[in-house]
Amino acid sequence: MNKLQTKHFSVTILPPATVYHPVDGRKYTFILSDHSSNRYLAIGYKYASNLLNVHHDQEDILTAEWRPELGEYVMKGNICLSNKENDVFAVREKLKQYEKMLPEAISFIIHADRSFYSHVPWLLDAPIYMECTSLDRHVRTTQYMGTPRQYLNNKKTQASS
């Protein structure tokens with residue numbers, strides 16, 4: 001298991017995944033802690049259920065996956081905006097926070113997996129879409145977030161700052 005830790009960021013590649021594969025179905029589980037500035041990223045064939053179970057109640061969780069659609073690869077991500085109280089106003093406020101945080105979170109994912117893109121360069125220009133889901137149908141959104149190349153060149157994070 002490869003693990004890179006910095007002061008506030010931890011990346012784990014879950015075997016049998018490596019920096020070379022899989023391409024189809026490569027999954028990312030990104031945890032942003034509410035209680036500290038710690039961030040956890042797991043990369044593998046499936047979502048890191050141990051991280052999802054441990055952190056579900058206190059943390060914000062972004063899941064994403066590379067998959068082929070209509071002849072091209074697309075990264076599709078998801079953030080669940082539902083909260084325990086199902087307060088519509090709280091969910092809408094959380095959506096505003098996520099819209100500000102998403103470029104940074106995607107940048108963490110792309111930079112943490114940058115050696116992967118040297119082995120599969122065709123993904124550098126593949127689109128990234130993030131979906132925010134909620135029980136409130138008015139809050140559900142899907143946004144185009146750019147391409148990995150834009151994040152690696154720091155164009156997306158600078159534009160959103």
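Data for the structure
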| item | result |
| --- | --- |
| Whichever residue in the stretch 86-141 is assigned to a strand (DSSP E or B) and within 12 Å of the chain's Cα centre (by Cα) and, among such residues, is farthest from LEU152 (Cα to Cα) | CYS132 |
| Only one of GLU69, GLU85 that is open to solvent by 30 Å² or more (accessible area, probe 1.4 Å) and modelled with pLDDT of 80 or more | GLU69 |
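The values are calculated or read from the model by the stated rules, or taken from the named source; none is laboratory data. The structure presented is a predicted model; accordingly, all values stated were derived computationally and were not measured. Heavy atoms of the whole protein, side chains included, go into the accessibility calculation; ligands, DNA and RNA do not. Shrake-Rupley method; radii C 1.70, N 1.55, O 1.52, S 1.80 Å.
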